[in-house]
Number of protein chains: 2
Amino acid sequence: MSASPAQPQRRSCCPVACTLDLLGDRWTLLVIRDLMRGVDRYSDFAASPEKIATNILADRLDQLVAHGIAERFTPPGRKHPRYRLTDRGHDLRPVLGAVADWGLRHIPGTEARLAPPSTPSARRTTSPARRTRNTD
Amino acid sequence: MSASPAQPQRRSCCPVACTLDLLGDRWTLLVIRDLMRGVDRYSDFAASPEKIATNILADRLDQLVAHGIAERFTPPGRKHPRYRLTDRGHDLRPVLGAVADWGLRHIPGTEARLAPPSTPSARRTTSPARRTRNTD
DNA sequence: TCAATTACTTGCATTTTGCAAGTAATACAC
DNA sequence: GTGTATTACTTGCAAAATGCAAGTAATTGA
């Protein structure tokens with residue numbers, strides 16, 4: 001490994017293309033959705049209804065951290081790590097919002113959920129995730 | 001083939017997850033970006049700077065048509081087909097806008113492009129694509 | 001009429017996904 | 001403190017998606 005990661009070259013300088021290189025897949029935005037809801041523990045991401053495979057989850061969390069969208073931290077007195085959005089990550093809220101709005105409007109059977117999932121651990125250490133709009 | 005396509009089951013009723021099932025990959029949103037710019041011919045999509053492979057392009061156009069996001073039409077007196085967004089597809093503009101905004105703000109080296117690409121055919125039959133904001 | 005272009009398809013190597021297990025390190029209950 | 005459950009992952013492998021290079025039949029333009 002060299003000093004500079006030398007990112008594997010971008011497809012173009014289009015901001016849409018470059019953003020898609022970071023989160024253009026079936027899972028990344030769902031992990032971000034969970035982060036915005038206040039989910040911060042590995043097992044709670046894995047418990048989301050879409051049932052992401054744990055190898056994919058580990059990979060996506062790594063990628064998000066690597067790209068400065070999320071960060072890994074360990075609360076004092078704990079050993080198990082947690083995850084949270086960085087400012088960069090929080091700035092994705094309009095993206096999630098627009099995606100959620102389109103889905104709600106155009107895909108029958110989709111439902112907005114205003115409350116975070118009821119797993120107790122998701123609420124224990126984190127504030128209820130300030131929400132300016134619904135993201136699912 | 002039966003009468004009802006019987007969609008291959010959704011992962012959850014979350015609008016984000018469902019939308020991602022339709023356009024959560026590295027290419028679909030780029031095709032939509034081009035459609036929003038007024039690109040309407042197969043060869044012009046293929047000529048975009050990201051250089052989508054033609055088999056992927058054909059597949060993505062089929063998917064977009066199948067999901068009612070784009071439509072295929074043949075201008076009178078022509079034989080070669082064209083593509084355009086449906087209303088459903090035009091409603092994705094806020095998504096593209098939010099993605100583009102995030103990319104411009106957070107990924108250095110990305111550039112907004114206000115004019116459609118200079119290929120003459122893209123302008124010939126289509127109006128210059130009303131733009132309320134930049135999508136790349 | 002004849003070459004160039006268009007709108008695709010096909011075949012195959014490479015990469016990414018998805019699934020099921022496995023594991024070492026915590027955390028909790030007693 | 002001891003034992004059991006949970007957590008945060010990793011590993012291996014099959015299946016699917018992607019990327020690349022060619023190929024092709026139907027148009028189109030000169």
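FYI, it's all coordinate maths here, none of it is from the lab. As the structure is a computational prediction, the values presented were derived from the model and not from experiment. Glycine gets a Cβ as well: all are built from the backbone with ideal geometry, and neighbour counts include every protein chain shown.
General observations
- Under the Karplus curve 6.51 cos²θ - 1.76 cosθ + 1.60, θ = phi - 60°, whole-Hz ³J(HN,Hα) for region A:37-43, x wherever Gly or Pro sits: 7, x, 5, 9, 10, 2, 5
- Convex hull per residue volume in Å³, alpha carbons only, for region A:1-114: 150
- Label geometry 7 Å along the beta-carbon vector: residue A:58 inter-copy distances in nm: 3.9
- With label points set 7 Å from Cα along Cα→Cβ, the inter-copy distances at residue A:80 are 5.9 nm, sorted shortest first.
- Using θ = phi - 60° in the Karplus curve 6.51 cos²θ - 1.76 cosθ + 1.60, the 3J(HN,Hα) couplings for region A:101-110 round to 4, 5, x, 4, 6, 10, 10, x, x, 7 Hz; x is entered for Gly and Pro.
- Over every Cα atom in region B:53-103, the radius of gyration and the widest Cα-Cα span, Dmax, amount to 13.2, 42 Å.
- Between this copy and the others, label points of residue B:10 are 3.3 nm apart in ascending order, each placed 7 angstrom from Cα in the Cβ direction.
- Candidate cross-link partners of residue A:79 among the lysines, defined by an alpha-carbon separation under 27 Å and a same-chain spacing of 8 or more, comprise A:51.
- Cβ-based net charge around residue A:73, under 10 Å, with every Lys or Arg adding one and every Asp or Glu removing one: +2
- A cut-off of 5 Å between modelled amide H atoms, ignoring neighbours fewer than 5 places along the same chain, links residue A:70 with A:65, A:86.
- On the rotation that sends chain A to chain B, the chain A Cβ lying closest to the axis gives residue and distance in whole Å as A:98, 2.
- Per-residue HN-Hα couplings for region A:10-18 [Karplus 6.51, -1.76, 1.60; θ = phi - 60°; Hz; x = Gly/Pro]: 8, 6, 6, 9, 5, x, 5, 4, 5
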